[in-house]
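Trainee: Encoded as structure tokens, here's the structure I'll be asking about.
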Protein chains: 2
Amino acid sequence: MSFRLADGVETPVPLIDEAIVERNIARAQALFDARGVALRPHIKTHKLTRFARMQIAAGAKGVTCQKTSEAEVFVAAGCDDILITFDILGPAKTARLRRLADKARLAVVADNEVVVAGLSAAFADAARPLRVLVECDVGGARCGVQSPQEAARLAGVIARSAGLAFGGLMTYPPAKSHDKVEAFMRAAKPLCVASAGSCETISSGGTPSMLTFPEGSVVTEYRPGTYIYNDRSLIARGACALEDCAMMVAASVVSRPTPDRAILDAGSKALTSDLLGMTGYGLLRDYPEAVITGLSEEHGHVDLSACARKPEIGEVVFVVPNHTCVVTNMFDEIVLHRGGAEMRKVRVDARGKVF
Amino acid sequence: MSFRLADGVETPVPLIDEAIVERNIARAQALFDARGVALRPHIKTHKLTRFARMQIAAGAKGVTCQKTSEAEVFVAAGCDDILITFDILGPAKTARLRRLADKARLAVVADNEVVVAGLSAAFADAARPLRVLVECDVGGARCGVQSPQEAARLAGVIARSAGLAFGGLMTYPPAKSHDKVEAFMRAAKPLCVASAGSCETISSGGTPSMLTFPEGSVVTEYRPGTYIYNDRSLIARGACALEDCAMMVAASVVSRPTPDRAILDAGSKALTSDLLGMTGYGLLRDYPEAVITGLSEEHGHVDLSACARKPEIGEVVFVVPNHTCVVTNMFDEIVLHRGGAEMRKVRVDARGKVF
């Protein structure tokens, strides 16, 4: 299958198949409904308020954002239940959070007392307390307290802080580590109930592990992001098939300097340099033997030596990116379509919201 | 030296020291003035019209853009001599180029007849012909004709095409390959004069090779980009010193989960995943023993195990990025300053212009 780009649609540009998006949303919702676990999709992948509303309409409890400036965009679009999974620090950022908390049901995370003290200072006189979850490191080696005991200690600090309420535990685990999540959280939960009086939410996440989410988990809420679009990294991890990938970057072959080389008009400023452990910077859907060996800022370098059939100058090719979430963030506009039909451009509402 | 961020300046954000920018501009201009070679800086690094105007005021002949949509921004800001070093293809893009060519002195490149035919179709009835340079591959293995003979053949095609004028030769060589540039261009020039009647401009580029640009070169014009800011990759290549780096990304330490780990609020959506062959995703200026071992989308992971002194939660740190050009493209706004003083936010005029 090959798409003809609609008039006014120019390469390079990400195309998003809404039919695949709807299927991916429905499938994830059904999976977590069957487990009795709330779904709180991360908007980092799409950064589109329309897709957040679709996720909520399908049954999601709310959404996850990584930065306050992202949450502002989604609150303005009517999302009223948002978890910001970030240590929000500094008086300007906590004041911004406070202003937003007057408009929606917000929760945040913290993994240290400096952040908790800053949040408390900003919310001490708030009409309703800010829910703060303790971020736990179950092996991902990013943020998070290092032990169930530390989690319980920080939970107690939050519970005793003016303007704050302890909301539970949150982790972003490494892929396929449900056992580590279960072990950490089962140990931490009773300790937190003892130190903070409750432990309402236990939130985990990650698309790579989504399909293997266990029955009878201690986790009450799951935060997958990439599942809505999927990408080459998820195909490589066995978490989806090619036909589940809703995003393809349309690019033009602008040069064929040698028989085995094609140059695309999409480089690192379109596809990004994310490799996620793979070889090559994306999959050419209609030329699967081709390898995107390198990216300049505005050029993609393609090795065609393994291809029997080769794309010609002027041909539009479709790249399944390694990592959709970062590609979304490169474009002011993307194109929605349904199987190549009904193409229309839409703004990426929360692109570049880094604060 | 440590900067205090001005009120209203929040992390993560690139800071650009204008005093260093001015010095970098002056140094490059003096170098090429001494060689009798025109300077045509590439705007991909800064994407700021104010800096393009500074480069031109310092003596640059014009600027280089990679995409027509970038050139539109710089023409609107008064830059009237622009080379677009890209194979511009397709009727919508060539029509856009045609509209822009009515407003400024434009030139483009081509390395194949499909592109030349498209340009000719768009400019056949233009009042003045579009200058087209032949892009040559002297070893960079990106775009470009593969031999001086091919260059001369395509030059002849351009010279005979309605609406076009052959403008000369252009290459983006691999680093430290002046010898390859000289050999290719010295062979191609007389062949082009024979096939196309002239060979006015011979344009080369690249900051890594700038300082070793030879005397008596056949090259008439040079297109460095990164030199205006410099970055960690150029320090690694010996092309600049730390004090020549005008861009630093200010980031906050938001977590210290273990004694040897710090987490920054700048991830791949701020610093990008560009490694350019190096280890680590940037240099922490005040903690040079620290290693930015990984980037999540909004988190930077820092290994402090080699650091005697370690940054604390809430501290603002300054990251010299691996590759400035791609960082510029991540931010709607950056901050200008002079040695930490006179901080003010400015829009990145041509961010995200991919068409």
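What follows draws every value from the coordinates through simple rules; no lab data is involved. In this text, all values refer to a predicted model and were calculated from it rather than measured experimentally. Positions of Cβ are backbone-derived with ideal geometry, glycine not excepted, and every protein chain shown enters the neighbour counts.
Trainee: Which FRET efficiency, nearest 0.05, do B:ALA76 and A:GLU113 yield, Cβ-Cβ r, R0 51 Å?
Mentor: Here the calculated transfer efficiency is 0.50.
Trainee: Rounded if a/c is under 1.5, else prolate if a/b is larger than b/c, else oblate: which is region A:255-305, with a ≥ b ≥ c the root eigenvalues of its Cα gyration tensor?
Mentor: Note, shape of region A:255-305 comes out oblate.
Trainee: If I require 24 Å or longer along the helix axis, counting alpha carbons, and a Kyte-Doolittle average no lower than -0.5, what helices from chain B are left? Use full DSSP H segments.
Mentor: B:18-35, B:178-196
Trainee: Also, I was wondering about something else. Find the relative contact order for region B:37-229 and round it to a whole percent, using C-alpha pairs within less than 8 Å whose residues are 6+ positions apart.
Mentor: Relative contact order of region B:37-229: 20 percent.
Trainee: Pairs of alpha-carbon atoms within less than 8 angstrom and 6+ residues apart define the contacts here; what relative contact order does region B:233-347 have, in percent?
Mentor: The value is 27 percent.
Trainee: Assuming a viscosity of 0.890 mPa s and a temperature of 25 °C, what translational diffusion coefficient in µm² per second does Stokes-Einstein assign to region B:37-229, Rh being the Kirkwood radius over Cα pairs?
Mentor: The estimated diffusion coefficient comes to 149 µm²/s.
Trainee: Would you calculate the separation in nanometres between label points at B:VAL193 and B:ARG50, each defined as 7 Å from the Cα along the Cα-to-beta-carbon direction?
Mentor: Label at B:VAL193, label at B:ARG50, 4.6 nm between them.
Trainee: Stokes-Einstein diffusion coefficient for the protein assembly as shown at 25 °C in a medium of 0.890 mPa s, Rh from the Kirkwood formula over Cα pairs: what value in µm²/s?
Mentor: The Stokes-Einstein estimate is 92 µm²/s.
Trainee: Debye sum, Cα scatterers, chain A, no solvent: what log₁₀ I/I(0) at q = 0.09, 0.14, 0.15 1/Å?
Mentor: With one equal scatterer per Cα and no solvent, log10 I(q)/I(0) is -0.53, -1.10, -1.21.
Trainee: Please work out the Cα center distance from region B:1-79 to region A:154-208, rounded to the nearest Å.
Mentor: 48 Å
Trainee: Right, something else. Using a label point 7 angstrom from Cα along Cα-to-C-beta, what distances in nm, from shortest up, separate B:GLU22 from the other copies?
Mentor: 6.0
Trainee: Roughly how crowded by other chains is peptide B:8-18, in terms of the mean Cβ count from those chains within 10 Å of each of its Cβ atoms?
Mentor: 2
Trainee: Distances from B:ALA141 to the same residue in each other copy, label points 7 Å out along Cα→Cβ, in nm, shortest first?
Mentor: Listed shortest first, these distances are 3.1 nm.
Trainee: So what is the relative contact order of chain A, in percent, for Cα pairs below 8 Å that sit 6 or more residues apart?
Mentor: Computed value for chain A: 20 percent relative contact order.
Trainee: Related question: If you rotate chain A onto chain B, whose Cβ in A ends up lying nearest the axis, and how many Å away is it?
Mentor: Smallest Cβ distance to the axis, with its residue: A:SER273, 2.
Trainee: In the neighborhood of A:LEU242, defined by Cβ-to-Cβ distances under 14 Å, what is the net charge if each Lys or Arg adds +1 and each Asp or Glu adds -1?
Mentor: That sum, taken over residues with Cβ under 14 Å, equals -1.
Trainee: For B:GLY167, what charge total do you get from the other residues with a beta carbon under 10 Å from its beta carbon, if Lys and Arg give +1 and Asp and Glu give -1?
Mentor: 0
Trainee: At a Förster radius of 56 Å, what calculated FRET efficiency corresponds to the Cβ-Cβ distance of B:ALA306 and B:ASP125, to the nearest 0.05?
Mentor: Computed FRET efficiency for B:ALA306 and B:ASP125 comes out at 0.30.
Trainee: Between copies, how far apart are the A:GLU289 label points? List them in nm, one decimal, shortest first, with each point 7 Å from Cα toward Cβ, please?
Mentor: Going from nearest to farthest copy, the values are 5.3 nm.
Trainee: For B:ARG186 and B:THR258 in the same chain, what is the full-extension length gain: residue separation times 0.36 nm, less their Cα-Cα distance, in nm?
Mentor: 20.0 nm
Trainee: A follow-up question, please. Ignore the peptide's own chain and count Cβ atoms of other chains within 10 Å of each Cβ in B:252-260; give me the average, rounded.
Mentor: Neighbouring Cβ atoms belonging to other protein chains average 6 per residue here.
Trainee: Based on the alpha-carbon gyration tensor of region A:233-347, what equivalent-ellipsoid semi-axes (square roots of 5 times the eigenvalues) come out, in whole Å, largest first?
Mentor: 21, 17, 15
Trainee: Would you calculate the separation in nanometres between label points at A:THR293 and B:THR212, each defined as 7 Å from the Cα along the Cα-to-beta-carbon direction?
Mentor: Calculated label separation equals 2.3 nm.
Trainee: Same structure again: Can you check what the net charge comes to around B:LYS67, using other residues whose Cβ is under 13 Å from the Cβ of B:LYS67 (Lys, Arg +1; Asp, Glu -1)?
Mentor: Neighbour charge sum, excluding B:LYS67 itself: 0.
Trainee: OK, next. Nearest 0.05, what FRET efficiency do B:VAL346 and B:ALA92 give at R0 = 30 Å with Cβ-Cβ as r?
Mentor: The computed FRET efficiency comes out at 0.45.
Trainee: Give a quick list of GluC sites (Glu not before Pro) in region B:202-308 that DSSP marks as loop, anything other than H, G, I, E or B, with at most 16 other Cβ atoms within 10 Å.
Mentor: Sparse-neighbourhood loop GluC sites (Glu not before Pro): B:GLU215, B:GLU289.
Trainee: At 7 Å along Cα-to-Cβ for each site, give me the label-to-label distance between B:GLU22 and B:ARG285 in nm.
Mentor: So the two model labels end up 1.8 nm from each other.
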